[in-house]
Amino acid sequence: MAVDTDPAGERPVVLENTSGKSDFVILCDHASNRIPPSLSDLGLPANALEAHIAWDPGALGVSKALSRMLDATLVYPTISRLVVDCNRRTDAPDLVPEISETTLIPGNAGLDDEARDRRIKLVHEPYHEMIDAVLEERSGQGRASMLVAIHSFTPVYKGVARPWEIGILSDSDRRLADPMLADLRRDAGLTVGDNEPYAPGDGVYFTLTRHGEARGLACAMVEIRNDEIADPEAEEAWARRLATTLQAAREAVVSKSV
């Protein structure tokens, strides 16, 4: 098992809090907007690389805070999803997007199979291999694992406003999602989406399908509207709220399994 790594070293994947005692393993598929220098910012201006098309703003801050609050292991890639999307199948048409929302990505236009494969080997493979290694080690130690992927979404997408402050995504395994939704909906001030603003049918559930559902592990994706986590204080506040929700959900899962 690799030891915790330093994101300042620009490794493609970071593993934090490997000795965390929690059942939860936190994943942040779209943590970074970093483009390797060899790709010349994919031909995009700086403002595009700060936008949601390049990453999930706020998601890593929430993930790190949750890792600390829950004492949970955290895994995330340090390269932008515009280079290669770690939360997509390797044969997905948007694995290396030529257009994201309405923005053309010049550096992704017309990639041949060799160039596409280099992108996959750069970060997609190492990321999923790291998750596999974490889960295999935990299983070998007889430890339970529950997977939670943290994402963020834009308040408006292609001109359509999104009313949810938070959404919980799940597929066939709803062991975590149902108690999470129930807990969050106790807050009358929140509009909570169930498989909104995305759902597994949109192709956005790859990481949890591969590592959670395929292993029979309880899993869920959290989508937070990014205007809700626009600064460190807001990230910390949402992490506290989610820590309470996740602890309640874990208790519900454990109680049903005994």
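The values are calculated or read from the model by the stated rules, or taken from the named source; none is laboratory data. Remember, predicted model here, so these are calculated numbers, not experimental data. Here the Cβ is made from the backbone with ideal geometry for all residues, glycine too, and neighbour counts use every protein chain on show. Heads up: the accessible areas ignore ligands, DNA and RNA and are worked out on the full protein's heavy atoms, side chains in. Shrake-Rupley method; radii C 1.70, N 1.55, O 1.52, S 1.80 Å.
Mind checking which residues of the range 132-170 are within 17 Å of VAL192 (Cα to Cα), in contact with a Ser or Thr (Cβ under 8 Å, 6 or more places away or on another chain) and outside any strand (DSSP E or B)?
ARG162, PRO163, TRP164, GLU165
Evaluate the range 238-254: report whether one residue or more is acidic (Asp, Glu) and open to solvent by less than 50 Å² (accessible area, probe 1.4 Å).
no
Failed condition for GLU196, given (1) surrounded by fewer than 22 Cβ atoms within 10 Å (Cβ to Cβ); (2) assigned to a strand (DSSP E or B); (3) among the charged types (D, E, K, R), with all others met?
Condition (2) is where GLU196 drops out.
Which ones in the range 14-39 are among the small types (Gly, Ala, Ser) and either in a loop (DSSP other than H, G, I, E, B) or buried (at least 23 other Cβ atoms within 10 Å of the Cβ) (or both)?
Selection gives SER19, GLY20, SER22, ALA31, SER32.
Which residue pairs have Cβ atoms under 6 Å apart, sit 6 or more places apart or on different chains, and have a first residue in the range 175-188 that is buried (at least 21 other Cβ atoms within 10 Å of the Cβ) and a second that is among the acidic types (Asp, Glu) and in a helix (DSSP H, G or I)?
Nothing qualifies.
For the range 66-83, check the following and say yes or no: at least one residue is crowded, with 17+ Cβ neighbours inside 10 Å and among the basic types (Lys, Arg).
So far as the range 66-83 goes, yes, one or more of its residues are crowded, with 17+ Cβ neighbours inside 10 Å and among the basic types (Lys, Arg).
Pull out all pairs, ordered by first then second residue, where Cβ-Cβ is under 9 Å, the residues are six or more apart or on different chains, the first lies in the range 26-44 and is touching a residue at least 60 places away in the same chain (Cβ under 8 Å), and the second is acidic (Asp, Glu) and in a loop (DSSP other than H, G, I, E, B).
CYS28/ASP56; ASP29/ASP56; ASP29/ASP85; HIS30/ASP56; HIS30/ASP85; PRO36/GLU10
Consider only pairs whose beta carbons are under 8 Å apart and that are at least six residues apart or on different chains; among these, list those whose first residue lies in the range 219-236 and is on the phi < 0 side of the Ramachandran plot and at pLDDT 95 or above and whose second residue is open to solvent by less than 30 Å² (accessible area, probe 1.4 Å) and among the aromatic types (Phe, Trp, Tyr).
Within 8 Å, the pairs are MET221/TYR205; GLU223/PHE153; ILE224/PHE153; ILE224/TRP238; ARG225/PHE153; ASN226/PHE153; GLU228/TRP238; ILE229/TRP238.
Test PRO97 against the criterion of being in a loop (DSSP other than H, G, I, E, B) and out of contact with any Gly (no Cβ under 9 Å at 6 or more places or on another chain), and give yes or no.
Judged against the criteria, PRO97 is a match.
Examine the range 116-133 for a residue that is within 20 Å of ASP23 (Cα to Cα), touching a residue at least 24 places away in the same chain (Cβ under 8 Å) and open to solvent by 50 Å² or more (accessible area, probe 1.4 Å), and state whether such a residue exists.
Within the range 116-133, not a single residue is within 20 Å of ASP23 (Cα to Cα), touching a residue at least 24 places away in the same chain (Cβ under 8 Å) and open to solvent by 50 Å² or more (accessible area, probe 1.4 Å).
Consider the range 40-84. How many of its residues are within 17 Å of ALA234 (Cβ to Cβ), hydrophobic (A, V, I, L, M, F, W, C) and not in a helix (DSSP H, G or I)?
Residues in the range 40-84 being within 17 Å of ALA234 (Cβ to Cβ), hydrophobic (A, V, I, L, M, F, W, C) and not in a helix (DSSP H, G or I): 1 in total.
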